[in-house]
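Report on the following structure.
The values are calculated or read from the model by the stated rules, or taken from the named source; none is laboratory data. Computed from a prediction, not measured in an experiment: that's the story for all the values here. Cβ sites come from the backbone with ideal geometry, for glycine too, and all protein chains shown count toward neighbours. The area values use the complete protein model at the heavy-atom level, side chains included, leaving out ligands, DNA and RNA. Shrake-Rupley method; radii C 1.70, N 1.55, O 1.52, S 1.80 Å.
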Amino acid sequence: MLKAYDYAEPVKNKIEIKDSVLFQREKQIAQNFVISNPIKYECHSCPICGSEHTKFIFERWDINYRYCDICKSIFVPVEQETLKKYLELKEIKELKTSKEYQKQASERRNSIWNDLVLWAEYRIFRYLGRNTELNIIDFGNKYEGFIDLFCKSKLIGNYELRNSFLDLKTNHIEQADVILYLNQLQHENDPIYSLSKIRESLLKDGLLILNTRLGSGFDILTLKGGTQDIFPYEHIMLPSKKGLEIILDRAGFELLEITTPGTRDMDIVMKHKERIEDSNFFIKYLIDIADVSTIADFQQFLQKSGLSSFAQVVARKR
C-alpha cells in the first residue's frame with residue numbers, strides 16, 4: 001500500500017456543504033422513523049473483525065453506538081430488515097430527489113466534486129495506466145450535479161448508476177474498469193459481504209474508488225454523541241482506518257492508497273466545544289489557547305497522521 005499524503009488546505013470563507021433547513025428536515029424524518037422502529041435485539045459483536053470486545057460509546061435517539069476495542073470501529077447493530085425499510089423510506093427519497101435539495105447540493109459541493117474528479121483521474125491513471133474511455137459503475141450516488149460533472153470528464157466511456165433512487169437512464173455494464181462507492185459504507189450492516197458482492201462487477205485488476213467517514217476521526221472521538229451530523233440509521237458503520245483495511249482485505253481487495261484529506265475536524269469540534277466531555281482536559285485546553293496558526297497546524301497533523309474523520313481509498317480487485 002502506498003502511504004500517500006496530500007495536504008488539503010481549508011477553504012477560506014467556505015459555506016456549509018449542507019443546507020441547514022433541508023438537513024434538519026432530513027434528520028426529523030430519520031428521527032421519526034428511528035423512534036417508530038427501535039432495535040429489537042442489540043448484537044455486541046463487531047461486524048468488521050468479529051470481536052466481542054465492544055462497548056457503548058454514545059447514544060442518539062435511544063439508539064446505542066458501540067466501539068470495538070480491537071479494530072477501533074464504531075457501529076450500530078440494527079437489523080437488516082429495519083435498515084432496508086429506512087433506506088427505502090419514501091419521505092427521504094422525495095426530499096433528496098427534490099429540485100431544492102439537488103440545487104443546494106450542487107451549489108455547495110461543486111468545488112469538492114471538482115477536486116474529487118481530478119483526484120480520481122490522477123489515481124486511476126497511476127494504478128490502471130489509463131484514465132480515458134473507461135467503463136465505470138457508480139453505486140448509490142444521489143447527486144445529479146456530481147453525476148453530470150463526472151460524466152463530462154475524460155474518464156467516461158460507459159457509465160452505469162446502480163442502487164440509487166435517482167431516476168436516471170444509464171448504460172448497463174457487466175464488469176467495470178472502475179467502481180465508485182462514495183459515501184455508501186455508512187449504510188452497511190455487513191460491509192465485508194457487501195464489498196465482496198460489488199467486487200464481482202469489477203474486471204480483473206479493476207479499481208475501487210471509495211470514500212467514507214471514519215469512526216477513528218478526531219471530531220467523532222472527541223465529540224462522540226455531540227457530532228450532530230452522525231445519526232441512526234443514516235450512519236450505522238463508521239470503520240476506523242484499521243477497520244477499513246480489514247474490510248477491504250477480507251472482501252478481496254488490495255489496498256493501494258488511503259488518505260484522510262479532511263479539513264473540518266477542528267472546525268466541527270470548536271463549533272460544538274460545549275459538548276466536549278469535562279474530563280477531556282487537553283482538547284478543552286487546546287481550543288481555549290489555540291490561535292489560527294495552531295488550528296491549521298493541528299488540522300494538518302490530523303490529515304498527515306490518518307486521524308481525520310474522512311477517508312478516500314483506492315483499492316484493486318485481487
Fill in: Gln312 in a helix (DSSP H, G or I), buried (at least 16 other Cβ atoms within 10 Å of the Cβ) and not charged (D, E, K, R)
no
Worksheet item: How many residues, within the stretch 132-151, are open to solvent by 10 Å² or more (accessible area, probe 1.4 Å), of a type in the set (A, V, I, L, M) and within 13 Å of Ala120 (Cβ to Cβ)?
Response: 1
Response to the item:
Restricted to the stretch 224-265 and to residues being of a type in the set (Asp, Glu) and open to solvent by 20 Å² or more (accessible area, probe 1.4 Å), the residue nearest to the chain's Cα centre (by Cα) is Asp229
Discussion item. Go through the stretch 284-309 and report how many residues are open to solvent by less than 30 Å² (accessible area, probe 1.4 Å), part of a helix (DSSP H, G or I) and under 30 Å from Phe125 (Cβ atoms).
Written reply: 3
Worksheet item: Does the stretch 213-223 contain at least one residue that is in a strand (DSSP E or B), open to solvent by 10 Å² or more (accessible area, probe 1.4 Å) and touching a residue at least 24 places away in the same chain (Cβ under 8 Å)?
Response: yes
Item to complete: Could you grab me the full set of residues in the stretch 55-99 that are in contact with a Ser or Thr (Cβ under 7 Å, 6 or more places away or on another chain) and open to solvent by less than 40 Å² (accessible area, probe 1.4 Å)?
Response: Arg66, Cys68, Cys71, Ser73
Worksheet item: Does the stretch 69-80 contain any residue that is part of a loop (DSSP other than H, G, I, E, B), touching a residue at least 40 places away in the same chain (Cβ under 8 Å) and acidic (Asp, Glu)?
Response: yes
Discussion item. Could you list, ordered by first residue, the pairs with Cβ atoms under 6 Å in which the first is in the stretch 152-171 and touching a residue at least 12 places away in the same chain (Cβ under 8 Å) and within 22 Å of Glu121 (Cβ to Cβ) and the second is among the acidic types (Asp, Glu) and part of a loop (DSSP other than H, G, I, E, B), at least 6 apart or interchain?
Written reply: Gly157/Glu133
Worksheet item: Looking at the stretch 260-283, which of its residues are under 29 Å from Ser111 (Cβ atoms) and part of a loop (DSSP other than H, G, I, E, B)?
Response: Thr260, Pro261, Gly262, Thr263, Arg264, His272
